[in-house]
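Student: This is the structure I want to talk about, given as structure tokens.
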Amino acid sequence: MRVFLDTNVLVSAFATRGLCADVVRHVLTEHKLIVGEVVLDELRRVLRDRIKLPPEFILAVEEFLREQEVVPKPRQPSELPRRDQSDRWVLASALEARVDVLVTGDRDLLEVATQTPLTIVDPRGYWSLLLKQRSKK
């Protein structure tokens, strides 16, 4: 499965232990992790300005993520969601990458999930999705 992780999931995974770190580990071992240039840009900024992580840690995180599939910034943002321009770029990146699922904690993206051809879930929803897939096998 091709899994696109949003910035907030990656920030939580690399800055703390817990659910998001578990999601990242699972995706890395069982699926294909996809990230977007727009996510990497935002991730660097958040880790630096909000979390105040050292530059060498931020560089190591970015280098690690660049070993995965990285989607270039799309030519234009998605039409949805309407409130946050950065969310529109994230959704456009995930759609262009033709991923199976976008994992995010962003309410605006979760609210438009039924309006897109893409499965959009929060980190807990990711585990539920996996359980459903396994029960079908």
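Student: If amide H atoms are built 1.01 Å from N in the plane of the peptide, which residues on other chains or at least 5 residues away come under 5 Å of the amide H of Ile34?
Tutor: Val3, Phe4, Leu5
Student: Treat the chain as a sphere of radius equal to its Kirkwood radius over Cα pairs and apply Stokes-Einstein at 4 °C in a medium of 1.567 mPa s; give the translational diffusion coefficient in µm²/s, rounded to a whole number.
Tutor: Details: Rh = 15.0 Å.
Roughly 86 µm²/s, to the nearest whole number.
Student: At His26 and Arg50, where each label point lies 7 Å from the Cα along Cα→Cβ, what is the point-to-point distance in nanometres?
Tutor: 2.3
Student: List the longest stretch of the chain that has no exposed loop site; here a site is one of the GluC sites (Glu not before Pro) assigned by DSSP to anything other than H, G, I, E or B, with at most 14 other Cβ within 10 Å. Mind showing how you got there, number by number?
Tutor: Working: sites that count: Glu67, Glu79.
In short, 1-66.
Student: Taking the square root of 5 times each eigenvalue of the Cα gyration tensor, what semi-axes in Å does the equivalent ellipsoid of the stretch 1-65 have, largest first?
Tutor: Values: eigenvalues 74, 32, 20 Å².
Sorted largest first and rounded, they come to 19, 13, 10 Å.
Student: Loop only per DSSP, at most 14 neighbouring Cβ atoms within 10 Å: give me the trypsin sites (Lys or Arg not before Pro) in the stretch 38-82, ordered by residue number. Write down the numbers at each step before the final one.
Tutor: On the way: sites: Arg44, Arg45, Arg48, Arg50, Lys52, Arg66, Arg75, Arg82; in loops: Arg50, Lys52, Arg75, Arg82.
Loop-located and lightly packed - Arg50, Lys52, Arg75, Arg82.
Student: Continuing with this model, one more query. Given q = 0.19, 0.29, 0.35 Å⁻¹, what are the Debye log10 I(q)/I(0) values for the stretch 33-72, with equal point scatterers placed on the Cα positions and solvent ignored?
Tutor: Listed by q, the Debye log ratios stand at -0.50, -0.97, -1.15.
Student: Further question: Between Glu69 and Ser135, what FRET efficiency follows from the Cβ-Cβ distance if R0 is 30 Å, with the result rounded to 0.05? Let's see the in-between values first.
Tutor: Working: r = 28 Å, r/R0 = 0.93.
Once the sixth-power term is evaluated, E becomes 0.60.
Student: Order by neighbour count: Arg2, Arg88, fewest other Cβ atoms within 10 Å first, most last. If you can, show how the numbers build up before the last one.
Tutor: Working: Arg2 15, Arg88 22.
In order of increasing Cβ crowding within 10 Å: Arg2, Arg88.
Student: Turning to a different aspect of this structure: Just want to confirm a number: the relative contact order over the stretch 2-136, from Cα pairs under 8 angstrom separated by 6+ residues, in percent. List each step's numbers first, then the result.
Tutor: Details: 189 pairs, mean separation 37.8, N = 135.
Worked out over the stretch 2-136, it gives 28 percent.
We did not get these values from a lab; they are worked out from the coordinates using the rules stated. Computed from a predicted structure; not experimentally measured. A quick note on method: Cβ atoms are made from the backbone with ideal geometry, for glycine too, and the neighbour counts reach across all protein chains shown.
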